[in-house]
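Have a look at the structure below before the remarks.
The values are calculated or read from the model by the stated rules, or taken from the named source; none is laboratory data. Predicted model only: the values in this text are computed from it and were never measured. For neighbour counting, all protein chains shown are included, and Cβ atoms are generated from backbone atoms with ideal geometry for every residue, glycine included.
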Amino acid sequence: MAKQKIKKIVAKKAKNASVPKKSKKIKSIKKTKFKEIKEKLIKLKNSIIADIKNQPINEDTKDIGDEIDDVTQTIEKEITFDLSSNEKNILKDIELAIKKIENNTYGICELCKGKIEIKRLKAIPYARYCIKCQMKQE
């Protein structure tokens, strides 16, 4: 009988001293990192929105000029369009990353379903793929 009580006490202590405290700590660190990344994403999103809003509106009024002026204006319009298109794509990726943080799916590669390294997420917080899969995409 005494041996059974000792086994129960030892089992109870082992259960209470097991990993949950450590896993809670890891989860809280992860939540803290993701909170920082989310804040960074929101700042980046606001910055891109401000850039898009501040882009000059191209008026189609035609000044009298030579062909070089026309070509220069056309090139400037194309560059502005390309930049705004790229910014819009990044904006979509940022919004998707924010949703993933809220759904606890952030940091998972969309192709291989593996983890995206935290270093990559800090550098490119809206990254959708791990480095290997990103290289395959390119």
**Request:** Kindly list the number of the only condition in (1) modelled with pLDDT of 90 or more; (2) closer than 14 Å to residue 40 by Cβ that fails for residue 105.
**Result:** (2)
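Scan segment 51-67 and tell me whether some residue there is assigned to a loop (DSSP other than H, G, I, E, B), within 26 Å of residue 137 (Cα to Cα) and either modelled with pLDDT of 70 or more or of a type in the set (A, V, I, L, M, F, W, C) (or both). Reasoning before the result, please.
Taking segment 51-67 first, the residues assigned to a loop (DSSP other than H, G, I, E, B) are 55-66.
Going one step further and asking which of them are within 26 Å of residue 137 (Cα to Cα), we end up with none.
Looking through segment 51-67, none of the residues is assigned to a loop (DSSP other than H, G, I, E, B), within 26 Å of residue 137 (Cα to Cα) and either modelled with pLDDT of 70 or more or of a type in the set (A, V, I, L, M, F, W, C) (or both).
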**Request:** Identify all residues within segment 120-138 that are surrounded by 13 or more Cβ atoms within 10 Å (Cβ to Cβ) and of a type in the set (S, T, N, Q); write none if there are none.
**Result:** 134
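Does residue 114 fit the bill of being modelled with pLDDT of 90 or more and in contact with a strand residue (DSSP E or B) (Cβ under 7 Å, 6 or more places away or on another chain)? Working first, answer last.
Working: modelled with pLDDT of 90 or more: yes; in contact with a strand residue (DSSP E or B) (Cβ under 7 Å, 6 or more places away or on another chain): no.
For residue 114, the condition - modelled with pLDDT of 90 or more and in contact with a strand residue (DSSP E or B) (Cβ under 7 Å, 6 or more places away or on another chain) - is not met.
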**Residue that is nearest to residue 51 (Cα to Cα) [pool: residues in segment 80-104 that are surrounded by 13 or more Cβ atoms within 10 Å (Cβ to Cβ) and among the hydroxyl-bearing types (Ser, Thr, Tyr)]** = 84
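Considering only residues that are free of Cβ contacts under 8 Å to residues at least 60 places away in the same chain and under 12 Å from residue 35 (Cα atoms), which ones fall in segment 101-120? Give the steps one after another, and end with the answer.
Quick first cut of segment 101-120, residues free of Cβ contacts under 8 Å to residues at least 60 places away in the same chain only: 102-105, 108-117, 119-120.
If the condition is that a residue be free of Cβ contacts under 8 Å to residues at least 60 places away in the same chain and under 12 Å from residue 35 (Cα atoms), then 102, 104 are the ones that fit.
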